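The values are calculated or read from the model by the stated rules, or taken from the named source; none is laboratory data. Quick caveat: nothing in here was measured; it's all calculated off a predicted structure. Here the Cβ is made from the backbone with ideal geometry for all residues, glycine too, and neighbour counts use every protein chain on show. Accessible surface areas use protein heavy atoms only, side chains included; no ligands, DNA or RNA. Shrake-Rupley method; radii C 1.70, N 1.55, O 1.52, S 1.80 Å.
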Amino acid sequence: MLVEKNVPLQDCNTFHIVAKAHTLVRVGSEGDLLALIGDPELAALPKFVLGGGSNIVLTGDVKPLVLKVEVMGKQLLRENAKGWVVEAGAGESWHGLVAWTLDQGYPGLENLAMIPGTVGAAPVQNIGAYGVELQDRFESLDAVDLQTGRRMTLDAAQCRFGYRDSVFKQSPDDGPGLRDRVLITRVRFFLPKPWKPVLGYAELDRRMAQSGLDKPCARSIFDGVCAIRSAKLPDPAVLGNAGSFFKNPTVTLEQCADIIQREPRIVHYRMADGAVKLAAGWLIEACGWKGKSVGNAAVYERQALVLVNRGQATGGEVMTLARAIQTSVYERFGILLEPEPVVV
Ligand code: EPU
């Protein structure tokens with residue numbers, strides 16, 4: 001086990017914010033983790049688990065011990081008439097896994113193509129796009145308790161998935177939350193047979209119709225999703241960002257009717273449970289934020305839900321911009337936007 005000191009984290013977070021880890025340990029296996037927990041000095045330190053850094057805002061150097069997850073490997077565990085079960089190490093690239101499953105002939109993750117980050121981070125915020133959420137393809141995961149070293153396997157119910165939420169984001173102070181308590185080592189996915197395309201997201205349907213195929217295959221959906229994302233979302237390798245910065249808020253039908261009276265053009269969707277989801281990007285754009293900046297932190301011109309780093313933005317600048325957006329959306333619409341990334 002190699003303990004590194006003063007490690008630059010600029011390339012370990014997709015916002016490319018400059019910050020350092022005071023102490024960092026790379027976790028390549030459960031064995032590494034157990035060795036760390038067995039070391040009295042390291043075991044006593046507060047810990048921060050770092051995956052692909054695609055959903056964090058670093059507001060300074062990280063004082064807790066940074067555990068950089070590098071557990072690798074992808075394999076088909078079993079296949080039967082109902083589907084395929086695929087397992088991947090938490091350190092694998094999420095998009096790499098999606099592409100690999102398609103190459104191997106195990107379709108089902110194609111709507112989730114091109115989401116930045118690692119496999120281990122995917123369940124933490126229950127990633128979702130174009131009508132599919134991670135929980136729809138989830139089988140189980142393995143994790144290790146960072147205090148006791150106890151290994152555990154959690155099923156979907158135990159992960160308590162919600163919209164961009166899970167038990168891994170919830171605080172232990174408010175119930176069964178596991179935030180900062182465990183490190184996810186491996187995730188298993190269930191990809192059902194027969195494969196069926198998930199369409200119904202207007203932009204994807206339009207693109208599929210343009211492609212001229214009567215029946216889209218998993219590969220054509222993958223290509224369509226990649227094309228839509230490339231056109232609308234900045235590539236973190238080129239322009240630092242953490243994807244959608246705010247969650248799309250939900251309101252009751254009555255609240256929505258009240259807002260529509262004042263703002264007839266507001267973009268909204270009815271959900272299965274009767275509540276209404278509002279497009280946060282629309283709310284932010286309506287408040288005039290597209291393209292605006294605070295220092296080097298800016299609102300992306302092509303998608304107002306994404307904040308970007310135009311140069312050497314600090315986490316403080318990103319959060320000042322985020323708070324200014326929250327205030328103006330609240331003042332105009334009475335809705336408090338909730339940030340999606342974890343602020344460190
Ligand atoms: N819109 C605007 N202005 C904007 C942005 C959006 O008016 O600047 C309106 C448009 O009318 C558009 C609607 O908002 O039709 C929805 O926009 P979009 O289809 O781009 O989706 P989104 O709600 O902005 C969500 C997810 C994305 C995911 C897409 C596709 C959240 C917070 N974001 O974005 O996830 O890729 O749907 O399913 O739920 C992420 O979480 O990092 C992420 C990128």
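A few points about this structure:
- Within the set Glu110, Glu133, Glu87, the sole residue that is within 16 Å of the ligand (Cβ to nearest atom), more than 15 Å from the chain's Cα centre (by Cα) and buried (at least 17 other Cβ atoms within 10 Å of the Cβ) turns out to be Glu110.
- Scanning region 151-178 for residues that are among the charged types (D, E, K, R), away from the ligand (no atom under 16 Å from the Cβ) and under 28 Å from Gly131 (Cβ atoms), we see that the one that is least open to solvent (accessible area, probe 1.4 Å) is Asp155.
- Residue in region 218-236 that is surrounded by 16 or more Cβ atoms within 10 Å (Cβ to Cβ), part of a loop (DSSP other than H, G, I, E, B) and more than 22 Å from the chain's Cα centre (by Cα) present: no
- Contacts under 7 angstrom Cβ, first residue in region 292-316 being under 16 Å from Gln326 (Cβ atoms) and open to solvent by 10 Å² or more (accessible area, probe 1.4 Å), partner in a strand (DSSP E or B) and aromatic (Phe, Trp, Tyr), 6 or more apart: Leu305/Phe246
- Selection status of Pro236, within 13 Å of the ligand (Cβ to nearest atom) and in contact with a Ser or Thr (Cβ under 6 Å, 6 or more places away or on another chain): yes
- Qualifying residue in region 240-249 (condition: open to solvent by less than 30 Å² (accessible area, probe 1.4 Å), in contact with a Ser or Thr (Cβ under 8 Å, 6 or more places away or on another chain), within 16 Å of the ligand (Cβ to nearest atom) and closer than 24 Å to Leu102 by Cα): yes
- Of the set (1) over 21 Å from the mean Cα position of the chain (by Cα); (2) more than 13 Å from the ligand (Cβ to nearest atom), all apply to Glu285 but (2).
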